[in-house]
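K.L.:
The following block contains the structure, expressed as structure tokens.
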Amino acid sequence: MDCFSKAYQYLKFADFPSTHPEVTRIVRYIDTATLFPLLLVAKNSHQRITLKHSESLRSGNVLSGVPLVLSSHPGRAIVPLKNDFDHYPLLGYFCFLGIGSEESAMKVTHDGDFITRIEDGAVMNVVSGWLQEGVDLSLKPGPRSEKERREQLKMTNGSRRFVINEDGTVSPKNCQNLVLGLCFHPKLFLVDRFSQNRAVFKNIDVLLKKKESDDDDDAVMLELLSHPNFAITPISTLVSHNLAAGCGHMKLGLGPKENSIKVVYRKNKIIVSASNYFFLCLYFYGAFAGNQVMLVGSETPIEHNFLKRISIKLYRLFMFSDFFINEDGTISPSNAPHLALGFQVPSFLNENREPVVGYTKDPLQYEGNYANLNATSIPYVLFINAFIEKVCKRNV
């Protein structure tokens, strides 16, 4: 995406009109490369997706595999977000899924339980077994024996078991009031600070001016200059972490400015106004391009709830939540000034005659400990919370 965005920038600097064949070709490539989040939604949601070849998939007779092309969104399909698996100490190997071009459609079979990728036997999975609206879908290595198959059928709330419904929708077998769906709003990620995909904010001066104030009424909307009429908005409902005393997370993304979150800036934390219990943080520990940025916290007061207070402190301790506001209107992790908040959607506003700025680091390369995904992120915090909860119950 960064390569296509940069190519578009070169063409604009060369005064190519928007109708020029090369410009329209690059814009088409950008559209093809844009991946939308795949997540669980309510069965009657307008975001639900339907499969074009659902009947063939339900029959289970096509051993060569059926492409997961969508009838609800022509030209789109369920695709892996990467060509290989990431590894995480507590989660093992995984690869997130999304909605992309039908040319990249994943070919699968369905045996009544597992939706299995043909090329390597990997199976579809609801992340962390959270059978709730707004939760991502991923691929996990599939069973290699009958014993492993029986074990995986019972794992994490049956998170790897799916039903292909008659209307072409797909539901988790253990929670059929939910179906696979498409989020129309691009997620909030870390990107290279000089990328066309970076977010440049409109009210940075106001946010900095009021950072010494203790008044939540001084909250500022995270409206964007880089993407006019858009802002940082929640793109999912609260996903509760049952092992974290009722705390949870919400995904953030690019949405209408009317839905913008309002925040205050306190001690390098970007905190949502009116609660002070939600703050921006990274999904995985370590600042690297592609790491998701989201809200973590509790919707209910934590002062008189020991477990919630501990949970919030653990999130702040183990999940990176310190950010620095730059003079150019971008927001960076405090320990990674070469990165900034951004999206997979480029801004086409910067069309004045300026040199094309190079990247401080290659955004396509892993940075820090990402290759092995350091164990200090959401699942690790949940593991610690579960231990604390057991100890507390034992001592009651």
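The values are calculated or read from the model by the stated rules, or taken from the named source; none is laboratory data. Keep in mind it's a predicted model, so treat the numbers as computed, not measured. Note that we place each Cβ from the backbone using ideal geometry, even for glycine, and neighbour counts take in every protein chain shown. All accessible areas refer to the heavy atoms of the entire protein, side chains included, with ligands and DNA or RNA removed. Shrake-Rupley method; radii C 1.70, N 1.55, O 1.52, S 1.80 Å.
K.L.:
Of the residues 51, 63, which is closer than 15 Å to residue 170 by Cβ and not aromatic (Phe, Trp, Tyr)?
P.N.:
Within the list 51, 63, the selection yields 51.
K.L.:
Of the conditions (1) in contact with a strand residue (DSSP E or B) (Cβ under 7 Å, 6 or more places away or on another chain); (2) open to solvent by less than 60 Å² (accessible area, probe 1.4 Å), residue 133 fails just one. Which one is it?
P.N.:
Only one criterion in (1) in contact with a strand residue (DSSP E or B) (Cβ under 7 Å, 6 or more places away or on another chain); (2) open to solvent by less than 60 Å² (accessible area, probe 1.4 Å) is unmet by residue 133, namely (2).
K.L.:
Kindly evaluate residue 119 against the criterion of being open to solvent by 50 Å² or more (accessible area, probe 1.4 Å), under 24 Å from residue 56 (Cβ atoms) and touching a Lys or Arg at 6+ places or on another chain (Cβ under 9 Å).
P.N.:
When the stated conditions are applied, residue 119 passes them.
K.L.:
Against the conditions (1) buried (at least 20 other Cβ atoms within 10 Å of the Cβ); (2) touching a residue at least 40 places away in the same chain (Cβ under 8 Å); (3) outside any loop (DSSP other than H, G, I, E, B), where does residue 109 fall short? Just the number, please.
P.N.:
The single condition residue 109 does not satisfy is (1).
K.L.:
Enumerate the strands (runs of 3 or more DSSP E) found wholly within segment 248-292, keeping only those where 1 or more residues are open to solvent by 30 Å² or more (accessible area, probe 1.4 Å) and within 28 Å of residue 34 (Cα to Cα).
P.N.:
Those strands (runs of 3 or more DSSP E) span 248-256, 262-266.
K.L.:
Return the residues of segment 17-43 that are more than 16 Å from residue 172 (Cβ to Cβ) and either in contact with a Cys (Cβ under 7 Å, 6 or more places away or on another chain) or among the polar types (S, T, N, Q) (or both); say none if nothing qualifies.
P.N.:
Of everything in segment 17-43, those that are more than 16 Å from residue 172 (Cβ to Cβ) and either in contact with a Cys (Cβ under 7 Å, 6 or more places away or on another chain) or among the polar types (S, T, N, Q) (or both) turn out to be 18, 19, 24, 32, 34, 36, 37.
K.L.:
Could you go through segment 310-322 and let me know if any residue there is at pLDDT 85 or above, over 24 Å from residue 37 (Cα atoms), surrounded by fewer than 22 Cβ atoms within 10 Å (Cβ to Cβ) and in contact with a Ser or Thr (Cβ under 6 Å, 6 or more places away or on another chain).
P.N.:
yes
K.L.:
Can you find a residue that is in contact with a Leu (Cβ under 6 Å, 6 or more places away or on another chain) and closer than 24 Å to residue 344 by Cβ anywhere in segment 57-67?
P.N.:
Looking through segment 57-67, none of the residues is in contact with a Leu (Cβ under 6 Å, 6 or more places away or on another chain) and closer than 24 Å to residue 344 by Cβ.
K.L.:
Give just the number: which of (1) closer than 27 Å to residue 344 by Cα; (2) out of contact with any His (no Cβ under 9 Å at 6 or more places or on another chain); (3) not aliphatic (A, V, I, L, M) does residue 93 not satisfy?
P.N.:
The failed condition is (2).
K.L.:
Quick one: how many residues across segment 323-336 are assigned to a loop (DSSP other than H, G, I, E, B) and either open to solvent by less than 50 Å² (accessible area, probe 1.4 Å) or small (Gly, Ala, Ser) (or both)?
P.N.:
Summing the residues that are assigned to a loop (DSSP other than H, G, I, E, B) and either open to solvent by less than 50 Å² (accessible area, probe 1.4 Å) or small (Gly, Ala, Ser) (or both) in segment 323-336 gives 5.
K.L.:
Give me the residue from segment 76-96 that is in a loop (DSSP other than H, G, I, E, B) and open to solvent by 70 Å² or more (accessible area, probe 1.4 Å) and, out of that set, nearest to residue 183 (Cα to Cα).
P.N.:
81
K.L.:
So in segment 22-38, with the set limited to residues that are within 18 Å of residue 73 (Cα to Cα) and among the aliphatic types (A, V, I, L, M), which one is surrounded by the most Cβ atoms within 10 Å (Cβ to Cβ)?
P.N.:
38
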